[in-house]
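To start, the structure itself, in structure tokens.
What follows is calculated from the coordinates using simple rules that are stated; it is not laboratory data. What you see is a predicted model; the values in this text were computed from it and never measured. Counting neighbours? That spans all protein chains shown, and the Cβs are built from the backbone with ideal geometry, glycine included.
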Amino acid sequence: MADTRSDDYKPLPKDFLEKDWKEGFGIFYKGGGESGGKFLKFLDYHPSDYSHLYKVLREKDHHEFYVHEEELYSYYRNCLVKNLKLGILQESPPTLEVFQRIYPIAIRIINDYLEFETSERILTALEEIPNLLMEAQAREPICLSKIFAITRQDSRVATHCVNVGYYCLALGIELKMDPKELRETFIGGLFADLGKKFIPSAILLKEKALDADETQEVHKHPSFGRKLLKDMRGFSDIVLDMAREHHENFDGSGYPHQLKGNRISYHGRICKIMDVFNALTCDRPFRQRMTPFQALTLMKDNIPDSFDPQLLTTFFNAIALK
């Protein structure tokens, strides 16, 4: 069996194999020579083949393997997220544990979307995640300090996305948002940085200061992100505004539109605070991460004009006093 539609095939993620994925999937490799670069089926994977295939993938000299995007999507939705939801509904774990269970799965799906030439459809596998979080926090609201304790502080864009989503949700709880607004605020934070998919990785991972052209390129990602989400359809103005405005500064010095004060949407101002806080408290190629206290001090004393002062005070109190 061979196929020439290369856009439909994605590199097989290292952690893709799951023993509980009962349906299995086809594994392909890219042929050469007479095959003309077509994708050839290596095998139909079944969980019973786990040990054998795991051994093959560990060998140094083997083809790079691929999976069809349709099966990747089905796996995320019908295995990872479905099993996650069933476990939460059956066991009713504490709110913090719900957040802990969801966290790595959300990172995994967003990371695969950002790193591979995967369509936006992959992101729809996350549709159940906001509901699970809303139901958990409705039973037992969660505070920012507890959320920070379970987050990772690495430099991946996917980690940044999920951290910002979690922090936006927690601040929304402090601000006593109603469930609908809270849900949209979480989604907006989660998806605000998806526009970075369209920025060259060499720029995003550069260990030195960016030059003028590279900086201008990075400044495009809010607009790219908003367009992506708008084209996907179904997202609220809250979500679209957070994608577009999370780098706008309260004093008008931000980007991409130099919006000032209340011209920046309320939720965009929330996302700005969380985006900076997470950037400061996560590792970066050019510096070590700060502690929450160091980050809060810098935000309050060194760059206060970047933020809505009332929201910054609420955030400061929410994470510093609990």
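Contact order, relative form, for region 92-320: 19 percent (alpha carbon pairs under 8 Å, 6 or more residues apart, mean separation divided by residue count).
Note on the chain: dipole from Cβ charges, positive end direction compared against Gln216, Gln294, Phe307; the farthest Cα belongs to Gln294. The long axis of helix 292-301 is offset from the longest Cα principal axis of the chain by roughly 50 degrees.
Overall dimensions of region 92-320, expressed as equivalent-ellipsoid semi-axes from the Cα gyration tensor (√(5λ), whole Å, largest first), are 24, 21, 18.
Comparing Leu96, Phe116, Phe42 along the charge dipole axis of the chain, the residue lying farthest to the positive side is Leu96, per the Cβ-charge model. Projected label points at Glu117 and Asp211, each 7 Å from Cα along the beta carbon direction, are separated by 2.8 nanometres. The dipole here belongs to the chain: it is taken about the Cα centre, uses +1 on the Cβ of Lys and Arg and -1 on the Cβ of Asp and Glu, and is about 480 debye.
Please give the helix 82-91 orientation as an angle from the longest Cα principal axis of the chain, in degrees from 0 to 90, rounded to the nearest 10. The helix 82-91 is inclined about 60 degrees to the chain. Between Lys260 and any residue 5 or more places off or on another chain, the built amide H atoms are never under 5 Å apart.
Region 183-226 and region 236-291 have Cα centres separated by 11 Å.
Considering only Ser265, Ser201, Ser223, give the residue with the highest GNM mean-square fluctuation for the chain, with springs between Cα atoms whenever their separation is below 10 Å. Between Ser265, Ser201, Ser223, it is Ser201 that shows the largest mean-square fluctuation. Helical content alone sets the calculated 222 nm signal of the chain at -16000 deg cm²/dmol, taking -39,500 (n - 2.57) per DSSP H segment of four or more residues and averaging over every residue. Specify whether the C-alpha gyration tensor of region 198-322 places it in the rounded, prolate or oblate class, a ≥ b ≥ c being the square roots of the eigenvalues: rounded for a/c under 1.5, otherwise prolate if a/b is larger than b/c and oblate if not. Taking the square roots of the gyration eigenvalues as a ≥ b ≥ c, region 198-322 is oblate. Springs join every pair of Cα atoms under 10 Å in this Gaussian network model of the chain, and among His52, His246, His68 the largest mean-square fluctuation is at His52. The phi torsions of region 303-314, fed into the Karplus equation with coefficients 6.51, -1.76 and 1.60 and a -60° offset, translate into couplings of 10, x, 6, 6, 10, 4, x, 5, 5, 5, 5, 4 Hz, rounded to whole numbers, with Gly and Pro shown as x. Taking the longest Cα principal axis of the chain as reference, the axis of helix 221-232 is set at about 60 degrees.
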